[in-house]
Structure formats: C-alpha cells, structure tokens
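Engineer: Below: one structure in structure tokens.
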Amino acid sequence: MTALTAPPLRAETTFIRRSIIHTLRTPDALVMAIALPTILMLLFTYVFGGAIDEDGGYVDYVVPGIILLCAGFGAATVATDVASDMTAGIIDRFRTMPVRASAVITGHVVASLLRNLLATGIVVGVAVLVGFRPDASPLGWAGVVAIVGAYILAMTYLFAAIGLAASSPEAASGYGFFLMFLPYVSSAFVPVDTMPAWLQWVADNQPLTPIIETIRALLLGTDPGADAAWAAAWIALILVAGIAWSSVVFARKAGRR
Amino acid sequence: MTDMIAVRGVTKSFGTQEVLCGIDLDVARGEIVALLGENGAGKTTLINILSTLIRPDAGTARIDGLDVVRERQAVKTRLSLTGQSAAVDEVLTGDENLRMMAGLIGLTRAQAAERSAALLERFDLTAAARKRVKTYSGGMRRRLDLAISLLATPPVVFLDEPTTGLDPASRQELWSVIRHLADNGTTVLLTTQYLEEADQLADRIVVLREGRIVAEGTPGALKARVGGEVVEVRGPDGEILGEVPTDGSAAGLRRALGAVDDAAAITLRRPTLDDVFLTLTGKARS
C-alpha cells in the first residue's frame, strides 16, 4: 500500500476541467445566458427604445445594463451546479479523498467565469450588430473586461454560497430570479432622475448603479469619476461576502446531506 | 499489530436525537465485518464518522492507528467510502469518472488511463466505458462506484448498504467482488439491512440497534442463537398464531411441531432481521 499525494493544485485543475466538460455537455445554461439578455436588448432597443430616445441612440445607453444583466443572470446558474453536487453522493466521495474538497466549488466558479465572459462577449457582439457604437479606448475596453470579470466572479461566489445553502437544486435555481429585477431599479434602462424621489434614493444607492455607470463611462470614453471607486468597493464587498459565506456553509454541511 | 479499525466509546447526537450511544468496535486487518441493523440504527452515522465525514461527539476512532479527527488527512489516504447513493458524475463517462478520480489521488495521466482500463475490465464495464454514466443501470453505477473506491487500493473499504436497490443478479455480482477484495487482504466494513447479505459476506456480524451494539459474532454463532429456520404456525384463516425458531434439522422440526395444534397450518421460512432482533434483544421491533 502506498499513500499517494497529488501535486499542488491538482484538485483545482481537475475540478475546473470537470466543470468545463459539464458546461459543454449541458449547453442549456450557456444558451440561456446568451438568449435572455439578447432578447431583452432587442426588446429595449426596438420596442421601448424609440419612445425613450427618438433619435435611435438608446442602444448605446442600454448596453452597459444588458452586460450586467447577462453576467449576473449567467452567474446565478452556478447555484444549481453547486446544489446538484452537494445533494448527490459525489461530494462525500470527494470529502473522503485526500484532496481539498472545496476545490469542487473553485472548479464551478472558474467555469462560470469563463462561460459568462464568453456569453457577455457574444451579447456585446449582437449589440454591435444592432447599432451599438462604443467610443472606448483600448484601455477603456480592458477596464470594462476587468470590471465585468470581477462582477461575474463576485456574483458567482455569491450564488455558489446560495447553492450550498439551498436544500435542493430546484430551490437553488429560484434565487437567480431576484437578480433579474435589480437592474430595473438602477440606471440600467432609464436615467435615475426620471424616477420618483424615494425610488431615486434606492436606485442611486444600490450596487448596480455605480457599476453600470462605470461601464457606461468606460464604453463612451468619458471619466467614470467617483463611480469607479464605488463599483470596485461594491464588487469587493460582494466577493468577500460570497467567499466567506460559501466557506462557512461548505464546512458546516460536512457529511450532512 | 494493531487492529485496522478501533472504536472506543463513540457517541453522536443530531440535535436532541441520540444516534450512537457508546460504540466499541475492533476490526482486524483483512476481516470483513457487517454492521447489521434497520434504518435509523446508526449504521451510516458510524461509517461517516470512520470515514471522516462527521466528527464524533465523544470517544475515539482510529483507522490503521490514526485518529479520525486529529489525523484526518492521513486517515483519508487509508480508506475509501462507497456511500448509499452512487458517488459518480453522471455527465462524465465511466472512463472519465475513473480517470478524474485517479488524477485527484495523485496518479499521473498514464497511470490513470492504465488503472481505469484495468478496473473497467474487472467490473465488466469495458463496453460502456465511453458512455455517459447517465445511461447506466443501477447495477452498473454501483460497479463503477466500487471501481472508483478501489483506484488507490486502500487498506480499508467502507461499503454503506452496497446492494440496496439492486436486482438479484447485480447483487450476486457485487458480493463476489467484495469477497475478492477481502481475499486480497483488504479490510471491509459494510452495512446492511439483510441478514442473508451479512451471512454471505461477513467473517463477523455486529448487530446495531438504536445506536447500541446488541450482539456480535460469526454468522454461524448468531444464526445458532436465532435458529436455522422459523416455523410459522397459522390458524384456519391464515393468521399467524406463533413463530418457533428451529435449527433446521429434522429433530428440531419435530420438537417444534410437537407444540403445534393439529388443526393449524405450518410454513417454514428463513429467519429475518426481525427474528434476529427478537431473539437477540428479547423484544420485537417497535
């Protein structure tokens, strides 16, 4: 009998590969993550857009919000992936193996990041087809990719924690729903100053508004100002909370399915 | 040489419910021990403590001399667990499952491929190796599950109700695999609700009831206490009037029949877990 020890990060690379194979073999999540934001974008551009901005410039306004909606909605599906693993026997197998079992969550998170960056890229491509004309510098684009990637990562960790805490994959899949509504009460689709005063306060102070304003400023080549700091702070807060919450729930659920 | 498994005074409660109330158990190297008990007896909880999934509230448990709480990481290199629900990835193929798990325990890519092929062959899964596990039957999943457990040739194998939900043919197959394991010196601790399964496989049976060990011994010794056969005495309407354990011999049967009224119908049957509990604990299951 020889006690084997895997090289460092073997668990992480193995689980990342596993999650990517899962994504490729069950493409529904990817298709939904692309189709839903695309349909919403077309709806807002062609149906509501004319009423909001008669000059047809609405698509440039709406794309940052669509990007966040796409990223958030796609990241939410990780809750189902995590919950499926946690309620199946396979998690006990990983836990009784000489590996860091929590790497299974890392695998889902990294696959989610890649999947949603791809989905967001495709949605931006469709936006360009329907008339989206950003003025961003290369540095601005790099900033957009960085902030969208960080947002996806933070949301993925938050929803991984929700998936860990949920009693079943079905229950876990329900929570992504809430994220669908958050962008509506922000500057995603209409300027905040068109809302009633009390709702303006909510929209101004919720995390999505500074993130959207930062992406919008970077895409239009203007200075995001204080919004950039607020966006970074909100994303960091969500990320830290998501990681902490998922670690606690993962440890607490050991052996208790 | 120390025992492979040594359990001393282990207790565990979930909330106010006491699941294990002081378990002492030793399993020698290469021994097959069956934990026999009904649902809720504490079998799975004990297996989960031994395989480091949960911590005992009190008492100690050692695997190969290593403490399951304080030396958890080292313990994990000595054991494999095949739980009640097949711990396999349904989206991957059988071969991919084996190679993924082989990678996790530190085998190189070449070693993993070779080991996977050998295990697929041994468990009669070669034809299904490239099919997704989603398409496998219950028996095939169990075999794959067990194959994964044997990737590292661990000295201790825990099997939690290994044949629950299997058809008779798959059950027989699995039994022969388990026997083969022990022939190669692996220590096996399995749980079961079926006396027949424990009888077929185990060197020693440990009967668990409401978190306590109520009896233990070789299958022969336990069955001798229960009787080889049970005579059921039925009245004219088929209602059971009484059950008399016998040793299965003609003399024993005559003795049992001596106490039976001529008007009654009798049937012979194998002792069930109920009879074991009845005899060993002196009271029927509630």
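The values are calculated or read from the model by the stated rules, or taken from the named source; none is laboratory data. All values reported here derive from a predicted model rather than from experimental measurement. As a convention, Cβ positions derive from the backbone with ideal geometry for all residues, glycine included, and neighbour counts pool all protein chains shown.
Engineer: So, of the residues in region B:75-122 that are among the hydrophobic types (A, V, I, L, M, F, W, C), surrounded by fewer than 21 Cβ atoms within 10 Å (Cβ to Cβ) and at the interface with another protein chain (Cβ under 10 Å from one of its Cβ atoms), which turns out to be farthest from A:SER84 (Cα to Cα)?
Structural biologist: Step by step, filter region B:75-122, then rank; the result is B:MET100.
Engineer: Shifting gears a bit: I'd like the residue in region B:127-143 that is within 13 Å of another protein chain (Cβ to nearest Cβ) and in contact with a strand residue (DSSP E or B) (Cβ under 9 Å, 6 or more places away or on another chain) and, out of all such residues, is surrounded by the most Cβ atoms within 10 Å (Cβ to Cβ).
Structural biologist: B:ARG142
Engineer: Going through B:LEU201, B:LEU151, B:LEU190 one at a time, which residue ends up being within 14 Å of chain A (Cβ to nearest Cβ), surrounded by 18 or more Cβ atoms within 10 Å (Cβ to Cβ) and modelled with pLDDT of 85 or more?
Structural biologist: On the way: B:LEU201 fails: within 14 Å of chain A (Cβ to nearest Cβ); B:LEU190 fails: within 14 Å of chain A (Cβ to nearest Cβ).
After ruling out the rest, the residue left standing is B:LEU151.
Engineer: Let me ask another. So how many residues does region B:9-57 have that are in contact with a helix residue (DSSP H, G or I) (Cβ under 9 Å, 6 or more places away or on another chain) and within 14 Å of chain A (Cβ to nearest Cβ)?
Structural biologist: Residues in region B:9-57 being in contact with a helix residue (DSSP H, G or I) (Cβ under 9 Å, 6 or more places away or on another chain) and within 14 Å of chain A (Cβ to nearest Cβ): 13 in total.
Engineer: For region B:105-136, which positions are free of Cβ contacts under 8 Å to residues at least 12 places away in the same chain and of a type in the set (Ser, Thr, Tyr)?
Structural biologist: B:THR108, B:THR126, B:THR135 - these are the residues of region B:105-136 that are free of Cβ contacts under 8 Å to residues at least 12 places away in the same chain and of a type in the set (Ser, Thr, Tyr).
Engineer: Within the group B:ALA34, B:ALA6, B:ALA28, which residue is of a type in the set (A, V, I, L, M), surrounded by fewer than 16 Cβ atoms within 10 Å (Cβ to Cβ) and modelled with pLDDT of 90 or more? Step through it out loud before you land on a result.
Structural biologist: On the way: B:ALA34 fails: surrounded by fewer than 16 Cβ atoms within 10 Å (Cβ to Cβ); B:ALA6 fails: surrounded by fewer than 16 Cβ atoms within 10 Å (Cβ to Cβ).
Going through B:ALA34, B:ALA6, B:ALA28 in turn, the sole match is B:ALA28.
Engineer: Between a residue in region A:5-33 that is over 21 Å from B:LYS134 (Cα atoms) and within 11 Å of chain B (Cβ to nearest Cβ) and any residue that is surrounded by 17 or more Cβ atoms within 10 Å (Cβ to Cβ) and among the hydroxyl-bearing types (Ser, Thr, Tyr), which pairs come within a Cβ distance under 7 Å, given they are 6 or more apart or on different chains?
Structural biologist: Here the result reads A:GLU12/A:THR106, each pair linking region A:5-33 to a residue that is surrounded by 17 or more Cβ atoms within 10 Å (Cβ to Cβ) and among the hydroxyl-bearing types (Ser, Thr, Tyr).
Engineer: So, one more: Under 30 Å from B:LEU25 (Cα atoms), in a helix (DSSP H, G or I) and either within 11 Å of chain A (Cβ to nearest Cβ) or out of contact with any Cys (no Cβ under 6 Å at 6 or more places or on another chain) (or both): does that describe B:LEU146? Reasoning before the result, please.
Structural biologist: Values: under 30 Å from B:LEU25 (Cα atoms): yes; in a helix (DSSP H, G or I): yes; either within 11 Å of chain A (Cβ to nearest Cβ) or out of contact with any Cys (no Cβ under 6 Å at 6 or more places or on another chain) (or both): yes.
Spelling it out, B:LEU146 is indeed under 30 Å from B:LEU25 (Cα atoms), in a helix (DSSP H, G or I) and either within 11 Å of chain A (Cβ to nearest Cβ) or out of contact with any Cys (no Cβ under 6 Å at 6 or more places or on another chain) (or both).
Engineer: Let me ask you something else. Could you tell me how many of the residues in region A:82-106 are closer than 12 Å to A:PHE15 by Cα and within 7 Å of another protein chain (Cβ to nearest Cβ)?
Structural biologist: 1
Engineer: Right, next: What are the residues in region B:163-197 that are of a type in the set (A, V, I, L, M), under 12 Å from the mean Cα position of the chain (by Cα) and assigned to a helix (DSSP H, G or I), if any?
Structural biologist: Residues satisfying the conditions are B:LEU174, B:ILE178, B:LEU195.
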